[in-house]
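Dumping the structure here so I can ask a few things about it.
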Amino acid sequence: MLQKESIRQVIEAQKSRIRLNSGSLKRELLPILPNINTHALIISGIRRCGKSTLLLQMLRQRQKNALYLNFEDPRLFGFELADFQLLDSIIKSMKAKSLFFDEIQIINGWERYVRQKLDEHCQVVITGSNASMLSKELGTKLTGRHISKELFPFSYTEFLSFNSLKASAVSWQKYMETGGFPEFVKTGNLDILAALFSDILNRDIAVRHGIRDILSLKRLSVYLVSNVGCLVSARKLLQPLGFQSSTTILEYFSFLEDCYLINFMPKFSYSQRAQVINPKKIFVIDPGILAAASQSFSPNKGHLLENLVYWHFRRQGKELFYFQEKHGECDFVVFNKGKFEQAVQVCYELGPENSAREMNGLNEALNFFKSNNGIILTFNQRDAYIRNGEQIEVKPVWEVIESF
């Protein structure tokens with residue numbers, strides 16, 4: 001159990017960060033976050049993507065009489081459920097009605113305390129880097145009393161703003177190489193992302209889930225990062241990676257997704273079972289992680305392009321699938337609230353050797369969903385075709401990505 005004065009000192013020390021971060025880039029998510037006290041606002045995302053900075057921006061923008069506390073501060077080690085009473089006393093003495101909690105989910109029983117503060121008509125904003133931990137606890141204790149949003153590393157637009165650049169093939173190439181982790185974009189120090197990758201595997205997965213065979217977890221993670229944009233199934237990884245059970249691999253997949261490090265996109269099917277059993281596509285949260293952890297010395301440029309397009313749609317909350325039938329594959333069929341929106345093919349460069357393959361896959365998806373318009377995103381090509389009565393546009397991804 002901590003002392004009340006110790007907690008107060010941590011709060012005061014962390015408050016100074018607000019002034020130090022006054023020049024940070026305003027995130028695109030900031031203007032659309034609700035300002036409410038009837039529901040807890042939950043902001044989740046991978047470590048180091050800017051959640052703490054976003055909290056501080058909200059605090060400065062909205063409330064003068066507010067309290068901010070990051071529970072991962074080493075000085076709060078040992079904070080337990082009983083210490084919330086001490087925190088409560090500090091909140092009352094400060095007359096704070098807006099509470100901004102960073103990584104509060106590491107404290108057992110936190111959701112009960114948040115429910116109490118909502119009942120007292122406080123505004124509560126929480127960040128977390130583990131999606132399932134937050135959703136599980138919120139689902140049991142805060143049913144109907146929370147709104148969830150996701151924050152990701154810089155989008156292309158944010159990357160341009162941060163670096164004072166304009167949209168172009170040159171800036172998109174830089175974005176493909178650098179990615180959007182704010183600290184890495186600022187410093188260019190690849191050790192930052194290597195340490196982040198290691199921290200996620202060790203602290204967020206191995207320690208949290210009691211994994212003893214950390215070497216196998218790392219081997220699987222590096223394999224996935226090195227094969228971005230490729231199809232993967234747990235069964236086919238058993239022998240190459242030395243696992244004894246596909247159940248273990250699937251468990252590790254879910255841990256990696258919970259931490260936002262890797263996503264797995266299913267094949268489109270109206271059958272849930274077919275979605276589960278078919279191979280899934282690998283997408284890694286950011287190009288910077290590829291640079292820091294991939295064992296591929298010459299990454300596939302088309303897959304890198306596809307990876308960035310995937311995360312663009314994820315920022316928008318779209319439902320994503322790849323489409324594959326007899327005559328080819330379409331990289332993305334995009335749904336919004338269960339309704340088909342568009343079919344998108346991604347190709348770094350369209351030429352005689354691949355145009356038929358790319359067109360066939362896109363045409364098949366358009367026919368299946370009875371759509372007359374498709375798009376092929378490239379690095380820097382423009383064109384237009386009418387094929388089988390369907391209009392297909394070819395456009396540079398950097399020119400149109402933010403208009404989707």
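Could you count how many residues in region 208-218 are surrounded by 15 or more Cβ atoms within 10 Å (Cβ to Cβ), modelled with pLDDT of 95 or more and not hydroxyl-bearing (Ser, Thr, Tyr)?
Of all residues in region 208-218, those surrounded by 15 or more Cβ atoms within 10 Å (Cβ to Cβ) come to 208, 211, 216-218.
Next, only the ones that are modelled with pLDDT of 95 or more stay: 211, 216-218.
Narrowing further to those that are not hydroxyl-bearing (Ser, Thr, Tyr): 211, 217-218.
Within region 208-218, residues that are surrounded by 15 or more Cβ atoms within 10 Å (Cβ to Cβ), modelled with pLDDT of 95 or more and not hydroxyl-bearing (Ser, Thr, Tyr) number 3.
Quick one: which of PHE297, PHE321 is within 21 Å of LEU224 (Cα to Cα) and not in a strand (DSSP E or B)?
Working: PHE321 fails: not in a strand (DSSP E or B).
From the options PHE297, PHE321, the qualifying one is PHE297.
Another question, if that's okay. What about ASN300, is it among the polar types (S, T, N, Q), crowded, with 22+ Cβ neighbours inside 10 Å and touching a residue at least 12 places away in the same chain (Cβ under 8 Å)?
Values: among the polar types (S, T, N, Q): yes; crowded, with 22+ Cβ neighbours inside 10 Å: no; touching a residue at least 12 places away in the same chain (Cβ under 8 Å): yes.
So ASN300 fails the test.
So which residues in region 381-404 are open to solvent by less than 70 Å² (accessible area, probe 1.4 Å), closer than 19 Å to MET176 by Cβ and modelled with pLDDT of 95 or more, if there are any at all?
Result: GLN381, VAL394, LYS395, PRO396, VAL397, TRP398.
Kindly indicate whether GLY288 is at positive phi, open to solvent by less than 10 Å² (accessible area, probe 1.4 Å) and touching a Gly at 6+ places or on another chain (Cβ under 8 Å).
Details: at positive phi: no; open to solvent by less than 10 Å² (accessible area, probe 1.4 Å): yes; touching a Gly at 6+ places or on another chain (Cβ under 8 Å): yes.
No.
Of the residues that make up region 238-258, is at least one of a type in the set (Phe, Trp, Tyr), assigned to a helix (DSSP H, G or I) and within 26 Å of VAL400 (Cβ to Cβ)?
Taking region 238-258 as the starting set, the residues that turn out to be of a type in the set (Phe, Trp, Tyr) are 243, 252-253, 255.
Applying the additional criterion that residues be assigned to a helix (DSSP H, G or I) yields 252-253, 255.
Still in the running and within 26 Å of VAL400 (Cβ to Cβ): none.
Taking every residue of region 238-258 in turn, none turns out to be of a type in the set (Phe, Trp, Tyr), assigned to a helix (DSSP H, G or I) and within 26 Å of VAL400 (Cβ to Cβ).
Could you identify the single residue in ASN354, ASN278 that is surrounded by fewer than 19 Cβ atoms within 10 Å (Cβ to Cβ), out of contact with any Asp or Glu (no Cβ under 9 Å at 6 or more places or on another chain) and over 28 Å from CYS259 (Cα atoms)? Step through it out loud before you land on a result.
Working: ASN278 fails: over 28 Å from CYS259 (Cα atoms).
Within the list ASN354, ASN278, the selection yields ASN354.
A further question on this structure: I'm told ARG315 meets every condition in (1) within 25 Å of VAL170 (Cα to Cα); (2) open to solvent by less than 30 Å² (accessible area, probe 1.4 Å); (3) touching a Phe, Trp or Tyr at 6+ places or on another chain (Cβ under 6 Å) except one. Can you identify the failing condition by its number?
Failing condition for ARG315: (2).
Report, by residue number, each residue of region 321-351 that is farther than 17 Å from TYR310 by Cα and open to solvent by less than 50 Å² (accessible area, probe 1.4 Å).
GLY328, LEU350, GLY351
Only one residue in LEU261, LEU193, LEU201, LEU237 is within 20 Å of the chain's Cα centre (by Cα) and over 30 Å from LYS26 (Cβ atoms), so which one is that? Steps first, please.
Working: LEU261 fails: over 30 Å from LYS26 (Cβ atoms); LEU193 fails: over 30 Å from LYS26 (Cβ atoms); LEU237 fails: within 20 Å of the chain's Cα centre (by Cα).
On inspection, the qualifying residue turns out to be LEU201.
Report yes if ILE375 is without any contact (Cβ under 8 Å) to a residue 60 or more places away in the chain and either surrounded by fewer than 17 Cβ atoms within 10 Å (Cβ to Cβ) or in contact with a His (Cβ under 7 Å, 6 or more places away or on another chain) (or both), otherwise no.
Details: without any contact (Cβ under 8 Å) to a residue 60 or more places away in the chain: yes; either surrounded by fewer than 17 Cβ atoms within 10 Å (Cβ to Cβ) or in contact with a His (Cβ under 7 Å, 6 or more places away or on another chain) (or both): no.
No.
Looking at region 157-177 only, could you name the residues that are touching a helix residue (DSSP H, G or I) at 6+ places or on another chain (Cβ under 8 Å), under 21 Å from LEU54 (Cα atoms) and open to solvent by 10 Å² or more (accessible area, probe 1.4 Å)?
Listed by number, the residues that qualify are THR157, LEU160, PHE162, ASN163.
The values are calculated or read from the model by the stated rules, or taken from the named source; none is laboratory data. What you are looking at is a predicted structure, and each value in this text was computed from that prediction instead of being measured. Reconstructed Cβ throughout: ideal geometry from the backbone, glycine too, with neighbour counts over all protein chains shown. All accessible areas refer to the heavy atoms of the entire protein, side chains included, with ligands and DNA or RNA removed. Shrake-Rupley method; radii C 1.70, N 1.55, O 1.52, S 1.80 Å.
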